[in-house]
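Since the structure comes first, as structure tokens, the remarks are kept for the end.
Nothing in this text is a laboratory measurement; each read-out follows from the coordinates by a stated rule. Only a predicted model underlies this, so the values are computations on that prediction, with no experimental measurement involved. Neighbour counts run over all protein chains shown; Cβ positions are idealised from the backbone, glycine included.
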């Protein structure tokens, strides 16, 4: 689902392995006020994907298992 990136309220979090430059290839995320996880590309902050916490947790668990 694509949404306006102003729909969440907290600061964007970037992976610790990402560089400090704004144009670095990174994925950023933040928690929305409704508990959804918002994910975006650091270079193109206009489009945001929203995930419920359960599918996001399953995705992270899978990534950590490989």
Using label points projected 7 Å from each Cα along Cα→Cβ, tell me how many nm separate residue 66 and residue 27, to one decimal. 1.0 nm
For 52-64, 28-40, ranked highest to lowest by mean beta-carbon neighbours within 10 Å, the order is 28-40, 52-64
So, in nm, how far is label residue 58 from label residue 15 when the simple model puts each one 7 Å beyond its Cα toward the Cβ? 2.2 nm
